[in-house]
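Comments concern the structure below.
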Amino acid sequence: MEIIKFLADKLARKIGMSAVAARGLIKLSIKDKYGPFKPYEQLTYGDLEQMIEDSLKKRLEEIEIDNLEDLITFLKTELNENQSLITMGAV
């Protein structure tokens, strides 16, 4: 769950949204991609990367975020550089 908070904070700063709203956007994107029954604790790095590339990107397109490709690249880079948060969240 720490990685979701981390990504939400990064997303919120980039698009001028509250961290709570960004966290909700990420959680909804996870549910879009993996359904309501996959616990956040079972998400892998690959799952999160796919969610960013697919469902989060689609949601950000729908709210007409500028520089979308740059934002997606930024989030994937942050995810890659902070993979250890996934492990910390699983403990």
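The values are calculated or read from the model by the stated rules, or taken from the named source; none is laboratory data. This structure is a prediction, so every number in the text was calculated from the model and none was measured. Glycine gets a Cβ as well: all are built from the backbone with ideal geometry, and neighbour counts include every protein chain shown. With ligands, DNA and RNA removed, areas are computed over all heavy atoms of the protein, side chains included. Shrake-Rupley method; radii C 1.70, N 1.55, O 1.52, S 1.80 Å.
Quick look at the numbers
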{"quantity": "Residue among Ile4, Ile30, Ile26 that is within 11 Å of the chain's Cα centre (by Cα) and modelled with pLDDT under 95", "calculated": "Ile4"}
{"quantity": "So Met17, is it in contact with a Gly (Cβ under 8 Å, 6 or more places away or on another chain) and surrounded by 14 or more Cβ atoms within 10 Å (Cβ to Cβ)", "calculated": "no"}
{"quantity": "Close pairs (7 angstrom Cβ cut-off, 6 or more residues apart or separate chains): modelled with pLDDT of 95 or more in region 66-91, exposed (fewer than 12 other Cβ atoms within 10 Å of the Cβ) and in a helix (DSSP H, G or I) anywhere", "calculated": "Leu68/Glu61"}
{"quantity": "Single condition Glu61 does not satisfy, out of (1) in contact (Cβ under 8 Å) with a residue 24 or more places away in the chain; (2) open to solvent by 60 Å² or more (accessible area, probe 1.4 Å)", "calculated": "(1)"}
{"quantity": "Residue ID - farthest from Ile63 (Cα to Cα), chosen from residues in region 20-44 that are among the hydrophobic types (A, V, I, L, M, F, W, C) and open to solvent by less than 60 Å² (accessible area, probe 1.4 Å)", "calculated": "Leu43"}
{"quantity": "Subset of region 45-58 (residues that are among the polar types (S, T, N, Q) and surrounded by fewer than 17 Cβ atoms within 10 Å (Cβ to Cβ))", "calculated": "Gln50"}
